[in-house]
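Notes follow once the structure below has been shown.
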Amino acid sequence: MAANNRRMSGKKGAQVGSGGQRRRGLEGKGPTPPAEMRKGHAKQRAAQAKARRAAGRPQQRRGGGRSTSELVVGRNPVVEALREGVPASTLYVQQFIDNDERVREALQLAADRGGINLMEAPRPELDRMTNGLNHQGLVLQVPPYEYAHPEDLVAGAHDEGQDPLIVALDGVTDPRNLGAVVRSVSAFGGHGVVVPERRAAGMTAGAWKTSAGTAARTPVARATNLTRALEAYKKAGITVVGLAADGEAEVGELDALAGPVVIVVGSEGKGLSRLVGETCDFRVRIPMPGGAESLNAGVAAGVVLYEAARRRA
């Protein structure tokens, strides 16, 4: 009998009753809450997004990545960048620098703008920072540019109750052309510019200067693959129009410019790449009675944007 008791003492679990735990486990937990109240449910996320829009809060942007920081080197380039409102984080000034008018103006512009750190550095340090370029004692650091995501441009147009008007650049490598396009998009009520991630101009200090300040209010999005970005626009109901010297129709004949549209501009020399050209719904040309073979990207985009704005007025 003693041996039997020893075996019983090693048994797992409660020996006398369960304290009501089993009975409570059988009780129901009440009715299932509606989908809008279930954490992580798609309907709850949709309801929360609707509430954010109703409250006027901007939706979270997906973002298209960041560029690297940039240095503007030399007295004249630094002064011009500060005059044009190019974003800057730090102005480096060489110790014991000859204090001429440009140095004084750079210091005054940086102080007036605010938010720019003034750092004094010895000449060898500035030589190291600029890889031996002729910095003349002034170096301006431009912070990384925050690119939008291509979908953000469509969302921004819809937030304003407008049909999207977007320009995409294919193979444009001159930052000044990018800046000119940004300026034209801003002037004619467009909603942004899309550039490829590789082998394309980015938002450098040169692009900022050419945009004449409009880059501060006109987003530039960066696409990992431009062809796929254009296909996504088409699936969203946006017409993709490519500019080509051998286009089937003239710009003034295209009624699609009155609706949601993406205007694709190629490089001055090569035009649209094959895949991008095949992705376009229409390929149109700009008539040039003067006989010029092509226009640069900034001018071509401005012509088509004007026609689109005229049709939408």
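The values are calculated or read from the model by the stated rules, or taken from the named source; none is laboratory data. Owing to the predicted nature of the structure, the values given are computational and were not obtained by experimental measurement. Note that we place each Cβ from the backbone using ideal geometry, even for glycine, and neighbour counts take in every protein chain shown. Accessible surface is based on the protein model in full, side chains and every heavy atom, while ligands, DNA and RNA are left aside. Shrake-Rupley method; radii C 1.70, N 1.55, O 1.52, S 1.80 Å.
Details
- Boolean, residue 157 is within 15 Å of residue 217 (Cα to Cα) and open to solvent by less than 10 Å² (accessible area, probe 1.4 Å): yes
- When residues of segment 265-285 are limited to those that are of a type outside the set (A, V, I, L, M, F, W, C) and in a helix (DSSP H, G or I), the one most open to solvent (accessible area, probe 1.4 Å): 274
- Residues of segment 179-225 that turn out to be of a type in the set (Lys, Arg) and within 14 Å of the chain's Cα centre (by Cα), as a count: 2
- Pairs meeting the criteria (first residue in segment 184-209 and modelled with pLDDT of 95 or more, second residue aromatic (Phe, Trp, Tyr) and open to solvent by 20 Å² or more (accessible area, probe 1.4 Å), beta carbons under 7 Å, at least 6 apart or on different chains) are 188/306.
- Residue match in segment 238-250 (condition: within 21 Å of residue 200 (Cβ to Cβ), in contact with a Pro (Cβ under 9 Å, 6 or more places away or on another chain) and at pLDDT 95 or above): yes
The rows are residues; the columns are (1) assigned to a helix (DSSP H, G or I); (2) surrounded by fewer than 16 Cβ atoms within 10 Å (Cβ to Cβ).
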site	(1), (2)
91	no, no
103	yes, no
110	yes, no
124	yes, yes
127	yes, yes
135	no, no
151	yes, no
166	no, no
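- Those residues of segment 173-209 which are of a type in the set (D, E, K, R) and on the phi > 0 side of the Ramachandran plot, in sequence order: 199
- Meets criteria (of a type in the set (A, V, I, L, M), in contact with a strand residue (DSSP E or B) (Cβ under 8 Å, 6 or more places away or on another chain) and touching a residue at least 60 places away in the same chain (Cβ under 8 Å)) for residue 245: no
- Number of residues in segment 221-242 that are in contact with a Gly (Cβ under 9 Å, 6 or more places away or on another chain) and farther than 14 Å from residue 262 by Cβ: the value is 2.
- Within segment 75-132, the set of residues being touching a residue at least 40 places away in the same chain (Cβ under 8 Å) and of a type in the set (Asp, Glu) comprises 80, 84.
- When residues of segment 66-77 are limited to those that are crowded, with 16+ Cβ neighbours inside 10 Å and in a strand (DSSP E or B), the one nearest to the chain's Cα centre (by Cα): 70
- Number of residues in segment 286-313 that are over 26 Å from the mean Cα position of the chain (by Cα) and either modelled with pLDDT under 90 or open to solvent by 60 Å² or more (accessible area, probe 1.4 Å) (or both) equals 11.
- Residue within segment 164-179 that is among the aliphatic types (A, V, I, L, M), in contact with an Asp or Glu (Cβ under 9 Å, 6 or more places away or on another chain) and within 27 Å of residue 83 (Cβ to Cβ) present: yes
- Candidate set from segment 78-89 (those that are out of contact with any strand residue (DSSP E or B) (no Cβ under 6 Å at 6 or more places or on another chain) and not in a loop (DSSP other than H, G, I, E, B)); member that is surrounded by the most Cβ atoms within 10 Å (Cβ to Cβ): 82
- Output for segment 192-218, where each listed residue is surrounded by fewer than 24 Cβ atoms within 10 Å (Cβ to Cβ), under 25 Å from residue 311 (Cα atoms) and in contact with a Leu (Cβ under 9 Å, 6 or more places away or on another chain): 192
- Yes/no for residue 228 being exposed (fewer than 15 other Cβ atoms within 10 Å of the Cβ), within 24 Å of residue 149 (Cβ to Cβ) and at pLDDT 95 or above: yes
- Against the list (1) at pLDDT 95 or above; (2) under 23 Å from residue 210 (Cα atoms), the condition residue 143 fails is (1).
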